[in-house]
Amino acid sequence: MSSDISRRLARNAGIAMILAASAFLSACQVRPLYSENSGVVEKLSSVGFSDAASRVEQQVRNHLIFLASRGAGEAVNPQYHVQMRATSSVADTLLRQSGDTSRAGRVTVTVTYTLSAVADGHVIKAGSRQTTALVDFSEQEFAKQRAIRDAENRAADQAAEFVGADLAAAFSR
């Protein structure tokens, strides 16, 4: 008899948990970020970006323009403006036992940005993103410099992806 009661209580508790979970999940506002109804794509295509002051910053800027406009180019009359600064640093990681030369390193690109409306200057989103790319150093100086440059490009493109996702998320709210 007591096993029937405990089964009935367990079943009722299970049903109550299912109902509570469905009520909780019905409050979720999950929708695709780039859906046609959200207006994110139109807002992203009307973003202007600040001029670049360095090669790495230019790489970030170019990739952001491509992401924001879906390959259509920079906005002619932007409604929003992104002021950004990108910096790059190189750090050695694996030092050789026989000397002070390094065999590998990492390149870190940091992007600080502020998204604001052009009409009134209201800041919509501000933030900073940082990415790291690993690099192997060659004995030859030109090959080493080229490897660092390629790593900077990879890190800059990844940082631009993160900033682009931040901008899209800010516009979806």
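The values are calculated or read from the model by the stated rules, or taken from the named source; none is laboratory data. Remember, it's a predicted structure, so these values are computed and weren't measured experimentally. Cβ sites come from the backbone with ideal geometry, for glycine too, and all protein chains shown count toward neighbours. Remember, those area values only see protein heavy atoms, side chains included, never the ligands or the DNA or RNA. Shrake-Rupley method; radii C 1.70, N 1.55, O 1.52, S 1.80 Å.
Residue-by-condition table, conditions (1) open to solvent by less than 50 Å² (accessible area, probe 1.4 Å); (2) in a helix (DSSP H, G or I); (3) modelled with pLDDT under 90:
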residue: SER35; (1), (2), (3): yes, no, yes
residue: ASN62; (1), (2), (3): no, yes, no
residue: VAL111; (1), (2), (3): yes, no, no
residue: GLN130; (1), (2), (3): no, no, no
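Output the residues belonging to region 64-87 that are open to solvent by 50 Å² or more (accessible area, probe 1.4 Å), farther than 18 Å from GLY127 by Cβ and of a type in the set (S, T, N, Q).
Those that are open to solvent by 50 Å² or more (accessible area, probe 1.4 Å), farther than 18 Å from GLY127 by Cβ and of a type in the set (S, T, N, Q): ASN77, GLN79.
Answer yes if at least one residue in region 107-130 is aliphatic (A, V, I, L, M), over 30 Å from VAL40 (Cβ atoms) and out of contact with any helix residue (DSSP H, G or I) (no Cβ under 6 Å at 6 or more places or on another chain), and no otherwise.
For region 107-130, residues aliphatic (A, V, I, L, M), over 30 Å from VAL40 (Cβ atoms) and out of contact with any helix residue (DSSP H, G or I) (no Cβ under 6 Å at 6 or more places or on another chain): absent.
From the list GLU152, GLU161, GLU139, which one is open to solvent by 60 Å² or more (accessible area, probe 1.4 Å), among the acidic types (Asp, Glu) and part of a helix (DSSP H, G or I)?
GLU161
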